[in-house]
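What follows is a single structure, written as C-alpha cells, with notes after it.
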Amino acid sequence: MTSATEDPVLVESAGATRTDRDSLGPVEIPATAYYGAHAARALENFPISGRPTHTIPELVIALAEVKKAAALANGELGALSAEKVPAIVQACEEIVAGRWHEEFVVDCIQGGAGTSSNMNANEVIANRALELLGHPLGAYDELHPLDDVNRSQSTNDVFPTALHIAAYRATGRLLEAMSALELAFEEKAAEFATVLTMARTQLQDAVPMALGQTFAGFAAGLATDRARVTTARENLAEINLGGTAIGTQINTPAGYTARVTELLREITGIELRSADDMINATSDLGSFVELSGALKRTAVKVSKISNDLRLMSSGPQTGLGDVQLPAMQAGSSIMPGKVNPVIPEVVSQVAFVVIGNDVTISMAAEGGQLQLNAFEPVIIAKLYESITQLTRAIRTLTERCVRGITADQEQLLGRVHRSVGLATALTPLIGYSAAATLAKEALATGASLVDLVLRDELATAEQLEAALQADRLARPHA
C-alpha cells in the first residue's frame, strides 16, 4: 500500500527484481543492478567490514584495465568475437573514467582469494556491454561474464595484478607527500641554520648544536625511507597476468601472456613485466610484505619525528619550548588558553594503524598454502588503509605543522650559555676532571660555567670565546 505522496510506478520499480543464475542456482537481484548472481551471494556471505570494493577506487579502475587488456588480447588472438570486444572495452573505459563504481558492492574483506571481486567486475562489465549492444541486463546468452569478460583469465591472476596496479598508484601519492615533507624540513633546516640550541640525550642536556641540524636530520631520515618505499613500489610492477589458475597459463591461447601484459602496460602507463616464475608469483605475496614493511618503517620515522616535535614544543612556559608549533585549535574544554600539538598527535595515531596493519599483512602473506594464497583481500584492504592514511597524515604534518614552526633564537642562545652542557666543549681546553667539577658546582650554585673557568684561571677569555663560537660548537669540522 502506498501513501498519497508516493508514485505507484516508482515504488514498483524500486522493488523490481530480475532472476540471475550461477552454478548454485537462481538468485533474485535488483532489476537495474549491473552486478549479478555471484556478487549478490557475496553481499549476503560477507557483511564484514562495511567497506564495499568501490571504497578502493584504484582497485576498481585496475580491475577494469585488466579486463580491457584481456578483451583486446583475446580479440587479437581470435579467442573473442569482434562484435563483443568493443562493447567490453567501452564498458571498461567507462569504469576507468569513474562510472559504475557503486556497482562494485562486494565487501573488501571476503573469502575466496578475491573471487567475489573478480566476479563482481565480470558481471558489471558484461551487463554494461550487453546494454551497449542493445540487449537487456542479464541476457548472458548474448555476452557472458565468465565465457567472454573472464576469457583466458582466473581470479588468481586478475585479482593480484589489479592489487599490484592499485597499490602502485596509491604509493605514488605517498611518495609525493613524503617529498613535500622532506622539502619542508630542508627549508626549516636552512631557516634555523644559525640558531644555537642544546641537544639532549636520554632527555638530559648533551652538547650544543644548530637547531637547523635537527630538521636536516629529519629530512635525511625521510629521504632514506622514501628510497625504501620507492624500491618496494617498483617491485609491484612484476605481475602474474596470463598465469591463470596456478601459473601454468591453462586455458589461454598461445602468445596471450606476452600480449596481454604489453597491452596492460600501455593502458596503465606502468612499466609492468611478467614474473619469471608464474607459479611462484601466483602463490607468493612477498611484494606486498616488502611494501608494508617500508610503510611501517616510514610510519615509525614520522611518529618519532612527531614525538620530537611535541617534546621540543612542550610548555609553553614550563616545558622545553625549543620551538613553537602553529596553533590549530583550542586544546581544552576546561583549561582556557591551552593549545595542544594535535597534528603530531594524529600522525602518531596513524603510525600505530600502519604498524598494526603490517602485522595483519605479514600474517596473511604467511597464511597461504600450496599454489595460492587465499588472503589477498585483507592484504589490499589493510595495505590501502596504510597507504591512504599515511599519505594524508604526512600531508597534514607538512601543511599544518612543519611549515609554520618558529623559534626564539635569543632564548635558545641564552639557554646554551647557561647550560652545563658546555662542559663537553671545554673538555679539550681544561680537561675532563676540571670540567666535571665545575659543571657540578655550576649546577649547585647556578653560576655560569664560563665565569667559573675564568675564576679558576683555567683558560683566558680569548680562549673561551674561540672555544665557544657558535659555528665551532655546532660544526667543529666545517
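Values for this structure:
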| read-out | value |
| --- | --- |
| Extension gain (nm, one decimal) between A327 and I250, 0.36 nm per residue minus Cα-Cα | 21.6 nm |
| Of A393, L426, G114, farthest towards positive along the dipole that unit charges on Lys, Arg, Asp, Glu beta carbons give the chain | L426 |
| 0 to 90° range, to nearest 10: angle between helix 409-418 axis and the chain longest Cα axis | 50 degrees |
| Kirkwood Rh in Å, taken over all unlike Cα pairs in the chain | 26.4 Å |
| Per-residue [θ]222 nm for the chain (sum of -39500 (n - 2.57) over DSSP H runs n ≥ 4, rounded to 500) | -19000 deg cm²/dmol |
| Simple Cβ-charge dipole of the chain, Lys/Arg +1 and Asp/Glu -1, about Cα centre, in debye nearest 20 | 1280 debye |
| Size of charge dipole - region 342-478 - debye, nearest 20, with Cβ of Lys, Arg +1 and Asp, Glu -1, no other charges | 260 debye |
| Charge tally in the Cβ shell below 13 Å around A193, where Lys, Arg are +1 and Asp, Glu are -1, A193 excluded | -2 |
| For region 372-478, accessible area per residue (1.4 Å probe, heavy atoms of protein chains only), Å² | 53 Å² |
| Charge-dipole axis of the chain as Lys and Arg at +1 and Asp and Glu at -1 on Cβ define it, positive-most pick from T445, S303, P253 | T445 |
| Nearest-20 debye value, region 285-325 charge dipole, Cβ charges on Lys, Arg, Asp, Glu | 100 debye |
| Sites R200 and H135, calculated FRET efficiency, Cβ-Cβ separation with R0 51 Å, nearest 0.05 | 0.10 |
| In region 392-478, the GluC sites (Glu not before Pro) that fall in loop regions by DSSP, at most 11 other Cβ within 10 Å | E457 |
| Folded to 0 to 90 degrees: helix 256-268 orientation relative to the chain principal axis, Cα | 60 degrees |
| Length gained when the stretch E28-V353 is fully extended (0.36 nm per residue, less Cα-Cα span) | 113.1 nm |
| Solvent-accessible area, 1.4 Å probe, carbon plus sulfur percent, for the chain | 53 percent |
| Members of K304/K338; K188/K382; K188/K338; K84/K382 lying beyond 27 Å, as alpha-carbon distances in this model show | K188/K382; K84/K382 |
| Cβ-based net charge around I246, under 13 Å, with every Lys or Arg adding one and every Asp or Glu removing one | -3 |
| Global geometry of region 302-354, whether rounded, prolate or oblate, following the gyration tensor of its Cα atoms and the 1.5 cut on a/c | oblate |
| Whole-number percent relative contact order across region 256-359, with pairs defined as alpha carbons under 8 Å at least 6 apart | 26 percent |
| Reference-scaled alpha-carbon Rg (2.2 N^0.38 Å with N residues) for region 406-478 | 1.10 |
| Degrees between helix 211-235 axis and first principal axis of the chain (Cα, 0 to 90, nearest 10) | 20 degrees |
| Which of K304, K296, K188 is most accessible, then next, and so on - probe 1.4 Å | K304, K296, K188 |
| Formal net charge of residues neighbouring V346 (Cβ-Cβ distance under 14 Å; K, R +1; D, E -1) | +2 |
| Residue-normalised accessible area of region 200-280, expressed per residue, 1.4 Å probe, Å² | 47 Å² |
| Rounded to whole Å, sorted largest first: equivalent-ellipsoid semi-axes of region 254-379, Cα gyration tensor | 47, 17, 12 |
| For region 75-139, average projected area of the Cα convex hull in nm² | 5.3 nm² |
| With all protein chains modelled, accessible area of R233 [1.4 Å, Å²] | 50 Å² |
| DSSP-defined beta bridges in the chain - what % are antiparallel, rounded to 5 | 90 percent |
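The values are calculated or read from the model by the stated rules, or taken from the named source; none is laboratory data. Everything numeric in this text was worked out from a predicted model, so none of it was measured. Reconstructed Cβ throughout: ideal geometry from the backbone, glycine too, with neighbour counts over all protein chains shown. When the accessible area is computed, the model is the full protein with side chains, heavy atoms only, and any ligands, DNA or RNA have been set aside. Shrake-Rupley method; radii C 1.70, N 1.55, O 1.52, S 1.80 Å.
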